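Before I ask anything, let me first share the structure, which is written out below as structure tokens.
The values are calculated or read from the model by the stated rules, or taken from the named source; none is laboratory data. Only a predicted model underlies this, so the values are computations on that prediction, with no experimental measurement involved. Note that each Cβ is placed from the backbone with ideal geometry, even for glycine, and that neighbours are counted across all protein chains shown. For accessibility, only protein heavy atoms count, side chains too; no ligands or nucleic acids. Shrake-Rupley method; radii C 1.70, N 1.55, O 1.52, S 1.80 Å.
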Amino acid sequence: MHYYGQFESRELIPDILSGRLHPSKDPLWQMSGAVDRQEYAEWSSHICGMACLKMLLAQWKNVIIPTIELTKQCREYGGYTISEDGTIKGLIYRPFVAFIADRFGLQAEVKEHMPIEEIYHLLGQGYVYMASVHPSIRTPEVTPPKQGGHLVYVFDKDDKCQEIIFHNPSGDTPKSQENVHATLDVFSRFYANRGILIKVSS
């Protein structure tokens, strides 16, 4: 299973998140498709959704597209906007759905007020899910201050343990990045009951 972080050097994610390392110092920044370090630093903290899409495309379409390149394509559809003061807004769900339908032939729909239990039953039946969770899901023992604000790629489940399995683009350890298992109760503490359901196979 392919894993890609929203920062190119996955082992440096904890240093970047803590502020010990500026994103522009990521030695692999060029792999993102950014034109320079400044563009990479400006966008890399906003592209969890594009990292999820990159993982989906690698898994289901056998194509690997750099995250910043995907971001630029998504911006053409309004999936990201920049305000006059330079603030980046996104991922904006409905333009994203139009983007992946047009560019990659993927059928998707925005889900709101959607308990994770309902998504659980669709996993393994031709669907994956980009779920809005609080970024502190990387430390599942904590109680988040709120729900949502970050996207993870939910792609499978473990029926024996009643767990969902996901990749977290901003996990700060290998265990919190790739093939993360969470019970529905734990996941629900971080989950905003919204996301993007994507059909990947019939």
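Comparing Glu109, Glu69, Glu141, which has the greatest mean-square fluctuation in the GNM of the chain with Cα pairs linked when under 10 Å apart?
Glu141
Separate question: Using helices alone, what [θ] at 222 nm do you get for the chain, with -39,500 (n - 2.57) per DSSP H run of 4 or more residues, divided over all residues and rounded to the nearest 500? Before the final figure, lay out the partial values.
On the way: 8 runs with 63 residues, N = 202.
That comes out to -8500 deg cm²/dmol.
Could you work out what % of the accessible surface of region 79-202 is carbon and sulfur, using a 1.4 angstrom probe and leaving DNA, RNA and ligands out of the count? List each step's numbers first, then the result.
On the way: 2890 of 5940 Å².
Accessible surface attributable to carbon and sulfur in region 79-202 totals 49 percent.
Next up: How far apart, in nm, are the 7 Å Cα→Cβ label points at Glu109 and Gln59?
Going from the Glu109 label point to the Gln59 one covers 2.0 nm.
Before I look further, what does the chain give for accessible area per residue, probe 1.4 Å, in whole square angstrom? Could the numbers behind the result be given before it?
Working: 9590 Å² over 202 residues.
So the chain comes to 47 Å² accessible per residue, rounded to a whole number.
Of (i) 16.2, 46; (ii) 17.4, 53; (iii) 15.9, 50, which one was derived for Rg and Dmax of the Cα atoms in Å from the structure shown?
(iii)
Let me ask you something else. Quick one: net charge around Ser32, please, counting Lys, Arg +1 and Asp, Glu -1 for every other residue with C-beta under 15 Å from its C-beta.
Working: positive: Arg10, Lys25, Arg37, Lys54, Lys72, Arg75; negative: Glu8, Asp26, Asp36, Glu39, Glu42, Glu69.
Around Ser32, the charge tally is 0.
Just to be sure I understand: with springs between alpha-carbon atoms less than 10 Å apart, which residue in Phe187, Phe155, Phe96 has the highest mean-square fluctuation in the Gaussian network model of the chain?
Checking each option, the largest mean-square fluctuation is seen for Phe187.
Would you please give the FRET efficiency between His181 and Asp36, computed as 1/(1 + (r/R0)^6) with r the Cβ-Cβ distance and R0 = 25 Å, to the nearest 0.05?
Numbers: r = 38 Å, r/R0 = 1.53.
E(calc), rounded to 0.05, equals 0.05.
State which entries of Lys54/Lys89; Lys72/Lys146; Lys146/Lys199; Lys89/Lys199; Lys54/Lys111; Lys111/Lys157 exceed 23 angstrom in Cα-Cα distance in the structure shown. Numbers along the way, then the final one.
Values: Lys54/Lys89 20 Å; Lys72/Lys146 29 Å; Lys146/Lys199 29 Å; Lys89/Lys199 25 Å; Lys54/Lys111 20 Å; Lys111/Lys157 19 Å.
As for pairs spanning more than 23 Å Cα to Cα, those are Lys72/Lys146; Lys146/Lys199; Lys89/Lys199.
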